[in-house]
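Q: Can you read through this structure? Questions will come right after.
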Amino acid sequence: MSDGADQEATDRDHGAWARMYRYVEAQNRRGELADALGFRLGGGRGKVLFQLRDRPMTLRDLAEVNNVDAPYTTLIVDKLEAHGLVERRPHPDDRRRKLVTLTAAGHDAIATADAILLRPPSSVSALTDGELRQLAALLGRLLDAEDDTTGDA
């Protein structure tokens, strides 16, 4: 590819990403979520909360998956615990380790977050069924490509 074609592709990539980013940011619902929960899920708390959706995890697991150190993970879990969303339980195989587990309030907070964050914006209705299928397919390809580059596949 020539330098001009490379620059054109780069400009196209940047333009598409800028539009996608602007659209997603315009749909920001963090304030609505904070109002519904009574507190903000910033500082990594939301990410950890959602990671516990499927299974309890040790503090070490949470630190590794989030690429943060153990003290910072402990602070995150402390905050979630203070809000009654998680609790620490002894690990069944090694009582020296602790499993971080969602409480009923934690499951409720995730359900509330899902209801707010996964609600499509009204502007999505401007797309036809075919366009929505195409958009979903394109986003799926992007997610697959991201998994391939990060090793999460």
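Q: Only four residue types carry charge here, +1 at the Cβ of Lys and Arg and -1 at the Cβ of Asp and Glu. Report the dipole size of the range 87-153 about the Cα centre in Debye, rounded to the nearest 20.
A: Dipole size: approximately 520 debye.
Q: Per 0.36 nm of contour for each residue apart, how much would the distance between Asp6 and Ala111 grow if the chain were fully extended, relative to their Cα-Cα spacing?
A: So the extension gain works out to 33.3 nm.
Q: Turning to a different aspect of this structure: Fully extended, how many nm does the chain gain between Met20 and Glu64 (0.36 nm per residue separation, minus their Cα-Cα distance)?
A: So the extension gain works out to 12.9 nm.
Q: If you don't mind, there's one more thing I want to ask. Among Ser123, Thr150, Leu138, whose Cα projects farthest towards the positive end of the dipole of the range 107-151, with charges put on the beta-carbon of Lys, Arg (+1) and Asp, Glu (-1)?
A: The residue sitting farthest along the positive end of the dipole is Ser123.
Q: Compute, for the range 1-68, the length of the dipole vector about the Cα centre, with Cβ point charges of +1 (Lys, Arg) and -1 (Asp, Glu) only. Units Debye, rounded to 20.
A: Around 580 debye, computed over the range 1-68.
Q: Measuring from label point to label point, each 7 Å out along Cα→Cβ, what is the Arg53 to Ala34 span in nm?
A: Between Arg53 and Ala34, the simple spin-label model gives 2.2 nm.
Q: Could you tell me which of Asn66, Ala26, Gly106 has its Cα farthest along the dipole of the chain towards the positive end, charges placed at Cβ (Lys, Arg +1; Asp, Glu -1), taken about the Cα centre?
A: After comparing all options, I get Gly106.
Q: Between Leu99 and residues 5 or more places away or on another chain, which pairs have amide H atoms under 5 Å apart, with H built 1.01 Å from N, and which residues are they?
A: Amide H neighbours of Leu99, under 5 Å, 5+ apart: Arg89, His91.
Q: Same structure again: What is the gain in length, in nm to one decimal, between Tyr72 and Ser125 on full extension, counting 0.36 nm per residue of separation less the C-alpha to C-alpha distance?
A: My answer for the length gained is 14.9 nm.
Q: Here is a further query. Dipole of the range 72-117, Cα-centred, from +1 at each Lys and Arg C-beta and -1 at each Asp and Glu C-beta, to the nearest 20 debye?
A: 280 debye
Q: What number, rounded to the nearest 500 deg cm²/dmol, is the helix-based mean residue ellipticity at 222 nm of the chain, given -39500 (n - 2.57) per DSSP H run of at least four residues and division by all its residues?
A: Result for the chain, helices only: -20000 deg cm²/dmol.
Taken together, the values in this text are just the output of simple stated rules run on the coordinates, not laboratory data. The shown structure was predicted, so the numbers you read here are calculated from the model rather than taken from an experiment. As a convention, Cβ positions derive from the backbone with ideal geometry for all residues, glycine included, and neighbour counts pool all protein chains shown.
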